[in-house]
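Read through the structure below, which is laid out as structure tokens, and then see the notes.
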Amino acid sequence: MDTKITLEALNRAYSSQKPKNKVIIHSDRWTQYISDIFRKKAKDLGFIQSFSTKGNPHDNAVIESFYAILKKEKVHHWKYWDYNDASLDIFQFIEGWYNRNRIHSSNNYMTPNKFEKKHYRYNRMFNYLCPDYWLRSNRKEKY
């Protein structure tokens, strides 16, 4: 995987979700995620990058768990003809099954879609009631 592919994925994610609030990107420290061009694009879109410390995958346990599930439940059971075949099959797994049906303890035993909808409704209400909260907040964000 190279930076071009990760930039394309980042742009697609932004285009499809159009986040209004800050979004955290959990990833490992592979070169495509720490490249200057990727980091600048993520920052320009308002994303906050979150990395595991070297040698400690527990920092980003949720994404590490996702990759393990993707490999165990999908990728290792198929032989793909080419990149497009793999891309379509993995997309269908994530969007068609994983996000809609697989519950997660880190999401209070909700599916990712249900958790996102609940979180989105809460944030809309909170931002309506307290629109300048983040401006008044003195919180320091970790990058």
Exercise for review: Express in whole angstrom the spacing between the alpha-carbon centres of region 63-88 and region 6-20.
Suggested key: 21
Check your understanding: For region 1-51, what is the charge dipole size about the Cα centre, in debye to the nearest 20, if Lys and Arg each add +1 at the Cβ and Asp and Glu each add -1 at the Cβ?
Key -> 240
Practice item. Read phi for every residue in region 9-16 and hand back ³J(HN,Hα) as whole Hz from Karplus 6.51 cos²θ - 1.76 cosθ + 1.60, θ = phi - 60°, with x for Gly and Pro. Key: 5, 4, 5, 5, 4, 5, 5, 7
**Study point:** Residues whose placed amide H lies under 5 Å from that of ILE48, excluding near-sequence neighbours
**Key:** VAL23, ILE24, ILE25
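No value in this document is a laboratory result; all are computed from the given coordinates. In this text the structure is predicted, and so the values were computed from the model without any measurement. Note: ideal-geometry Cβ built from the backbone for every residue, glycine included; neighbour counts use all protein chains shown.
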